[in-house]
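**Student:** Sending over a structure as structure tokens; questions will come in a sec.
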Amino acid sequence: MKTPVIIGIAGGSGSGKSTFARKIVEHFNEPISVLCHDFYYKPFSDMSLDERKHLNYDHPSSFDTSLLVKDLKDLKNGKTIKRPVYSYEEFTRMEQTIDVIPTKVIVIDGILIFENKKLRDMMDIKIFVDTDDDIRFIRRMMRDIKSRGRTVDSVVNQYLSTVKPMHDIFVSPSKKYADIIVPEGGLNKVALDMVISKIDLILNSNK
């Protein structure tokens with residue numbers, strides 16, 4: 001298999017990264033490997049559930065990025081990986097894993113994927129999804145309540161204590177590494193079409 005095209009999609013929590021990634025995947029009539037940085041939260045298995053609940057999950061130290069880099073290298077070398085499964089209810093990594101096969105296009109998304117030099121240097125295209133803070137907060141609240149079993153108070157407290165400060169310190173400054181800055185994520189059809197055309201161009205040159 002030819003060397004895959006690796007697309008990195010970064011941006012703040014609730015910015016529309018996953019929607020943008022999903023629309024890229026939907027465009028191609030073949031499998032695409034998708035790795036979310038959130039899959040690679042450290043397990044913190046030596047801590048109690050209550051201790052894990054109060055950790056700062058928006059800081060780079062909460063992620064096992066070295067494992068993500070290793071898995072990405074294996075995919076590039078044509079090897080199937082066993083990517084972690086993370087539980088947002090238990091705040092830890094589960095015992096089971098999910099097989100991810102090597103494909104021509106690999107998409108990585110996460111708030112901090114541009115913060116780590118080793119990781120971002122592996123990307124062929126780096127996209128930063130830039131969305132208004134109020135919209136991102138509303139999206140995050142709706143997601144965390146509906147899908148992750150959180151309360152309104154816990155979402156607000158986490159946003160004010162860690163999410164916003166870490167966004168200002170780590171996430172927002174990382175947009176300087178982006179090749180493309182996309183306002184409004186998956187809703188930006190012009191930017192999506194441009195990215196898809198670029199991926200097609202790279203894939204055709206690799207044939």
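The values are calculated or read from the model by the stated rules, or taken from the named source; none is laboratory data. None of these values were measured; they are calculated from a predicted model. As a convention, Cβ positions derive from the backbone with ideal geometry for all residues, glycine included, and neighbour counts pool all protein chains shown. Keep in mind that these areas ignore ligands, DNA and RNA; they rest on the heavy atoms of the full protein, side chains included. Shrake-Rupley method; radii C 1.70, N 1.55, O 1.52, S 1.80 Å.
**Student:** Which loop GluC sites (Glu not before Pro) in region 67-139, with loop taken from DSSP, have no more than 15 other Cβ atoms within 10 angstrom of their Cβ?
**Tutor:** When the GluC sites (Glu not before Pro) of region 67-139 are filtered for loop state and at most 15 Cβ neighbours within 10 Å, GLU89, GLU90 remain.
**Student:** Moving on. Within the chain, which DSSP H helices have Cα atoms that stretch 15 Å or more along the helix axis and a mean Kyte-Doolittle hydropathy of at least -0.5?
**Tutor:** Values: long enough: 17-27 (16 Å, -0.65); 65-76 (16 Å, -0.07); 133-147 (21 Å, -0.87); 189-205 (24 Å, 1.01).
The qualifying helices are 65-76, 189-205.
**Student:** Can you tell me the relative contact order of the chain? Whole percent, Cα pairs under 8 Å, sequence separation 6 or more.
**Tutor:** 36
**Student:** Kindly report, to the nearest 10 Å², the accessible surface of LEU201 as traced by a 1.4 Å probe over protein heavy atoms only.
**Tutor:** About 110 Å², rounded to the nearest 10.
**Student:** Report, in deg cm²/dmol and to the nearest 500, the calculated mean residue ellipticity at 222 nm for the chain, where each DSSP H run with n ≥ 4 adds -39500 (n - 2.57) and the sum is divided by the residue count.
**Tutor:** Details: 7 runs with 71 residues, N = 207.
Result for the chain, helices only: -10000 deg cm²/dmol.
**Student:** Which one of ASN116, THR92, PRO102 is farthest out on the positive end of the charge dipole of region 57-121, using unit charges on Cβ (Lys, Arg +1; Asp, Glu -1) and the Cα centre as origin?
**Tutor:** About the Cα centre, the residue reaching furthest to the positive side is PRO102.
**Student:** In addition: In the full protein assembly as shown, how much of LYS117 is accessible to a 1.4 Å probe, in Å² to the nearest 10?
**Tutor:** Using a 1.4 Å probe on the heavy atoms, I get roughly 120 Å².
**Student:** Using Cα positions and a limit of under 21 Å, work out the lysines in reach of LYS70, with same-chain residues fewer than 8 apart set aside.
**Tutor:** LYS2, LYS42, LYS79, LYS82, LYS104, LYS117, LYS118, LYS126
**Student:** Quick one: dipole size for region 43-115, taken about the Cα centre, charges +1 on Lys/Arg Cβ and -1 on Asp/Glu Cβ, in debye to the nearest 20.
**Tutor:** So the dipole magnitude of region 43-115 works out to roughly 520 debye.
**Student:** So, in nm, how far is label ASP168 from label ILE98 when the simple model puts each one 7 Å beyond its Cα toward the Cβ?
**Tutor:** 3.4
**Student:** Then there is this: Out of every Cα pair in region 40-137, what percent are spaced more than 21 Å from each other? Intermediate values should be presented prior to the final figure.
**Tutor:** Numbers: 2073 of 4753 pairs.
Summing the P(r) tail past 21 Å for region 40-137 gives 44 percent.
**Student:** Taking the full set of protein chains and a 1.4 angstrom probe, give the accessible area of ILE181 in square angstrom, rounded to the nearest 10.
**Tutor:** Solvent-accessible area, nearest 10 Å²: 90 Å².
**Student:** Something else: If you build the convex hull over the alpha carbons only and average its shadow over all orientations, what do you get for the chain? Give it in nm² to one decimal. Display every interim value, and only then the final one.
**Tutor:** On the way: hull surface 44.8 nm².
Taking the Cα atoms of the chain, their convex hull projects to 11.2 nm² on average.
**Student:** Leaving out ligands, DNA and RNA, what percent of the accessible area of region 53-207 is carbon and sulfur, probe 1.4 Å? Walk me through the intermediate numbers first.
**Tutor:** Working: 4500 of 8200 Å².
Answer for region 53-207 is 55 percent, counting heavy atoms of protein chains only.
**Student:** Just how large is the dipole of the chain about the Cα centre, in debye to the nearest 20, putting +1 at every Lys and Arg Cβ and -1 at every Asp and Glu Cβ? Walk me through the intermediate numbers first.
**Tutor:** Values: 32 positive and 29 negative charges, 117 e Å.
It works out to roughly 560 debye.
**Student:** Please give the per residue accessible area of region 127-194, computed with a probe of 1.4 Å over protein heavy atoms only, in Å².
**Tutor:** 56
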